Amino acid sequence: MSRLLVLATTAVAASVLAIAPHPARAADPSSPTAKSDRKRCTDLVAFFDRWGATRTEHTDGARNVTRISANIDCERGDYGTGIRRMEALMTAKKFEIPVQVGEAPMHYPAGNPRWDSAGR
């Protein structure tokens, strides 16, 4: 009987710990480091949303579970975990991890004959 009581108590304690909210890991969300990490995290998610989804039927794109959990980490302020998850996802999908994410298209070399100064 006491063994059953110990097992039940352990199960309840484990479930309470699993449900308890995690404390915020970012000490000050207005610090310059937190702002740059937040931008990096959201930029990586946006980069994957743009380039990780194809129009074939066998793509997961924005529905990718790792991408969704990284986005949740970014929204909760756990930028380091979100960045690590997105970089691992991009590595698994054989992407080159961008150093700096810019507006699409990512880069136009100077003197590109396809584009004049008006961007046409």
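We did not get these values from a lab; they are worked out from the coordinates using the rules stated. Just so it is clear, the model here is predicted, and its values are computed rather than measured. Backbone-built Cβ (ideal geometry, glycine too); neighbour counts: all protein chains shown.
List of remarks:
- Here r is the Cβ-Cβ distance between Arg76 and Lys39 and R0 is 25 Å; the resulting FRET efficiency, rounded to 0.05, is 0.95.
- Per the Debye formula on identical point scatterers at the alpha carbon atoms of the stretch 27-101, with no solvent, log10 I(q)/I(0) at q = 0.11, 0.20, 0.23 Å⁻¹ is -0.26, -0.78, -0.99.
- Ser69 versus Ser31: modelled label distance in nm, points set 7 Å from Cα along the beta carbon direction: 2.6
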